[in-house]
Amino acid sequence: MKQIIFGLCLLVITLDGSAEPATEANKAKAAIKDLAGALQAELKGAMQAGGPVAAIAVCNTQAITITAKVAAGHDIALSRVSLKNRNPANAPNAWQTAVLEDFERQKSAGENVTTLTWSETAKVKGGREFRFMKAIPTGAVCLNCHGTSLAPGVTDVLASLYPEDRATGFSEGDIRGAFVVTRKLPD
């Protein structure tokens with residue numbers, strides 16, 4: 001009986017009802033927390049130094065490097081995706097799109113965007129993969145670059161750097177996108 005109870009303590013029940021090792025979900029959450037903190041620190045500094053235009057430069061030149069550094073430190077693959085992406089590299093694949101659409105349904109049903117997470121272990125070519133996503137809520141400061149009414153300087157820089165930008169028109173509390181963690185698992 002002790003062994004069964006101990007085993008249950010090491011499981012996290014996911015939204016689809018399957019069980020995942022708690023350590024994988026905890027690793028994913030820790031990586032996301034580190035990435036969000038690092039990105040927020042850089043963006044806050046840029047906003048204080050030069051406003052929204054300076055913050056755009058951080059996203060354009062530093063976000064990928066920061067993400068790669070955090071991912072390497074946690075031994076996972078880490079990214080951000082959105083149904084309305086700014087950078088084409090942040091377009092979701094099929095399973096990520098399904099999760100983002102489910103997050104939108106949950107938000108419409110009254111769920112708190114800040115708590116929306118999802119995980120699964122999937123069979124993939126060459127083995128298994130742990131997958132985890134956490135919704136990114138749109139905060140008030142995000143509206144400077146992602147809202148409905150942008151300053152002309154912001155609009156000009158976005159048009160120059162991201163000619164295919166789809167990441168505007170958000171309101172506070174909307175789902176801006178999601179953090180994605182994946183990790184290959186041993187068979």
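Computed from the coordinates by the stated procedures, all read-outs in this text should not be read as laboratory data. Not measured: the values here are computed from a predicted model. Don't worry about glycine lacking a Cβ; one is built from the backbone with ideal geometry, like all the others, and counts go over all protein chains shown.
Residue check: is residue 158 surrounded by 15 or more Cβ atoms within 10 Å (Cβ to Cβ), of a type in the set (A, V, I, L, M) and more than 21 Å from residue 37 (Cα to Cα)?
Working: surrounded by 15 or more Cβ atoms within 10 Å (Cβ to Cβ): yes; of a type in the set (A, V, I, L, M): yes; more than 21 Å from residue 37 (Cα to Cα): yes.
It is true that residue 158 is surrounded by 15 or more Cβ atoms within 10 Å (Cβ to Cβ), of a type in the set (A, V, I, L, M) and more than 21 Å from residue 37 (Cα to Cα).
For residue 94, indicate whether it is of a type in the set (A, V, I, L, M), surrounded by fewer than 16 Cβ atoms within 10 Å (Cβ to Cβ) and in contact (Cβ under 8 Å) with a residue 24 or more places away in the chain. Spell out the reasoning first.
Values: of a type in the set (A, V, I, L, M): yes; surrounded by fewer than 16 Cβ atoms within 10 Å (Cβ to Cβ): yes; in contact (Cβ under 8 Å) with a residue 24 or more places away in the chain: no.
Considered against the rule, which asks whether it is of a type in the set (A, V, I, L, M), surrounded by fewer than 16 Cβ atoms within 10 Å (Cβ to Cβ) and in contact (Cβ under 8 Å) with a residue 24 or more places away in the chain, residue 94 comes out as no.
Among the candidates 32, 136, which residue alone is closer than 15 Å to residue 183 by Cβ, among the hydrophobic types (A, V, I, L, M, F, W, C) and either surrounded by 18 or more Cβ atoms within 10 Å (Cβ to Cβ) or in contact with a Ser or Thr (Cβ under 9 Å, 6 or more places away or on another chain) (or both)?
Numbers: 136 fails: closer than 15 Å to residue 183 by Cβ.
Result of the check over 32, 136: 32.
Would you pick out the residues in region 108-148 that are in contact with a Pro (Cβ under 6 Å, 6 or more places away or on another chain) and within 17 Å of residue 35 (Cα to Cα)?
Applying the first criterion (in contact with a Pro (Cβ under 6 Å, 6 or more places away or on another chain)) to region 108-148 yields 113-114, 144-145.
Of everything in region 108-148, just one residue is in contact with a Pro (Cβ under 6 Å, 6 or more places away or on another chain) and within 17 Å of residue 35 (Cα to Cα), namely 114.
Residue by residue through region 54-88, note down the ones that are outside any helix (DSSP H, G or I) and basic (Lys, Arg).
Taking region 54-88 as the starting set, the residues that turn out to be outside any helix (DSSP H, G or I) are 62, 75-87.
Scanning region 54-88 gives 80, 84, 86.
Here's a check for you: in region 57-89, which residue that is more than 23 Å from residue 100 (Cβ to Cβ) and among the hydrophobic types (A, V, I, L, M, F, W, C) is surrounded by the fewest Cβ atoms within 10 Å (Cβ to Cβ)? Steps first, answer last, please.
So the first thing to find is which residues in region 57-89 are more than 23 Å from residue 100 (Cβ to Cβ), and the list is 57-58, 61-62, 65, 69, 72-73, 75.
This time we only want the ones that are among the hydrophobic types (A, V, I, L, M, F, W, C), so: 57-58, 72.
Details: 57: 14, 58: 20, 72: 10.
Looking at the filtered set, the residue picked out is 72.
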